[in-house]
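Since the structure comes first, as structure tokens, the remarks are kept for the end.
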Amino acid sequence: MTKLLYITANPKAEEQSYSLRAGRAFLNAYRIKQPDVKITELDLYQDDIPLLDREVFDGWAHLQHHTYESLSPAQQVKLARLNTLLEQFIAADKYVFVTPMWNFSIPPMLKAYIDAVCIAGQTFAYTEEGPVGLLKHKQAIHIQARGGHYSDGPLASMEWGDRYLQMIFRFLGIDAAPSIFVEGTGIQTNDAEQIVQAAIARAQEAAMNFASASIAE
Ligand SMILES: Cc1cc2nc3c(=O)[nH]c(=O)nc-3n(C[C@H](O)[C@H](O)[C@H](O)COP(=O)(O)O)c2cc1C
């Protein structure tokens, strides 16, 4: 059974977020096409995503020569949670990332999550030819809402969120489907709902392709 990890990085209520609305439409369409998919939802603003702070680094250093039980209780909780997030990420076959553009990029909780799952020896490895991704036969898609228009035109070079995520996918060895953008809603405010509906239609179509995309064993 395909395991799909639906990762959202937005503190807003779903009905107040363009990206979350498009993401939900994607997910619903996917489920129709592939009902036996196992979907896990990870809300990076509700679920516990530990930051890589002093406690975590000291904990990792401590584990080089000591047992897990000898970590402080707080360190045990953080390291166990980071490990759970990593295992969950590795176990998934498909990833749907849903984000708003914040200051030309992604919200900080998604960066925290990326730091939790990009781990040498687990999701990528250093080799003589340079780093290689260890997550083979997996697919990802990114759905992002932006107030302005960045997919082409003069602002395209100021976009750092989707391009960063695409680079992370490549780095980890994950195949990426074309992203879905809900963009321009902050400029063409009167047309916002129309823009969202068009993006929802594109998301539903993309979900069909994403569900059909085979995962080579
Ligand atoms: C903190 C913050 C930063 C933002 N930065 C940008 C930006 O750099 N460029 C842009 O076009 N829109 C920006 N916006 C607008 C959002 O991208 C836009 O409202 C989008 O619809 C948010 O996605 P959502 O509706 O899923 O929450 C920003 C909004 C917030 C709250």
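The values are calculated or read from the model by the stated rules, or taken from the named source; none is laboratory data. This one's a predicted model, so the numbers in the text were calculated from it and none came from an experiment. Here the Cβ positions follow ideal geometry from the backbone for every residue, glycine too, while neighbour counts run over all protein chains shown.
Listing for the model above:
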item	result
Selection from the range 31-48 of residues that are among the hydrophobic types (A, V, I, L, M, F, W, C) and without any contact (Cβ under 8 Å) to a residue 12 or more places away in the chain	Ile32
Residue under evaluation Gly59, criteria (1) closer than 25 Å to Met1 by Cβ; (2) among the small types (Gly, Ala, Ser); (3) over 16 Å from the mean Cα position of the chain (by Cα), criterion not met	(1)
Subset of the range 58-92 that is touching a Lys or Arg at 6+ places or on another chain (Cβ under 8 Å) and surrounded by 16 or more Cβ atoms within 10 Å (Cβ to Cβ) - its residue that is nearest to Gly23 (Cα to Cα)	Ala92
Gly147, sole failed condition from (1) within 16 Å of the ligand (Cβ to nearest atom); (2) over 18 Å from Phe171 (Cβ atoms); (3) touching a helix residue (DSSP H, G or I) at 6+ places or on another chain (Cβ under 9 Å)	(3)
Where a residue in the range 3-23 is under 24 Å from His137 (Cα atoms) and its partner, wherever it lies, is more than 8 Å from the ligand (Cβ to nearest atom) and polar (S, T, N, Q), with Cβ under 8 Å and at least six apart	Lys3/Thr40; Leu4/Thr40; Leu5/Thr40; Leu5/Gln88; Tyr6/Thr40; Gly23/Thr8
Out of Glu159, Glu87, Glu129, sole residue that is farther than 22 Å from Glu14 by Cβ and modelled with pLDDT under 95	Glu129
Hits in the range 183-209 - residues which are among the hydrophobic types (A, V, I, L, M, F, W, C) and touching a Lys or Arg at 6+ places or on another chain (Cβ under 7 Å)	Val196, Ile200, Ala207, Met208
Qualifying residue in the range 96-111 (condition: within 16 Å of the ligand (Cβ to nearest atom), among the hydroxyl-bearing types (Ser, Thr, Tyr), without any contact (Cβ under 8 Å) to a residue 40 or more places away in the chain and touching a strand residue (DSSP E or B) at 6+ places or on another chain (Cβ under 9 Å))	no
Within the range 18-119, helices (runs of 4 or more DSSP H) holding 2 or more residues that are among the polar types (S, T, N, Q) and farther than 20 Å from Tyr164 by Cα	73-91
Residues of the range 160-183 classified as part of a loop (DSSP other than H, G, I, E, B) and surrounded by 20 or more Cβ atoms within 10 Å (Cβ to Cβ), total	1
Subset of the range 136-155 that is under 17 Å from the mean Cα position of the chain (by Cα) and outside any strand (DSSP E or B) - its residue that is nearest to Lys3 (Cα to Cα)	Lys138
Hey, Thr123 surrounded by fewer than 13 Cβ atoms within 10 Å (Cβ to Cβ) and either farther than 27 Å from Ala25 by Cα or in contact (Cβ under 8 Å) with a residue 12 or more places away in the chain (or both) or not	no
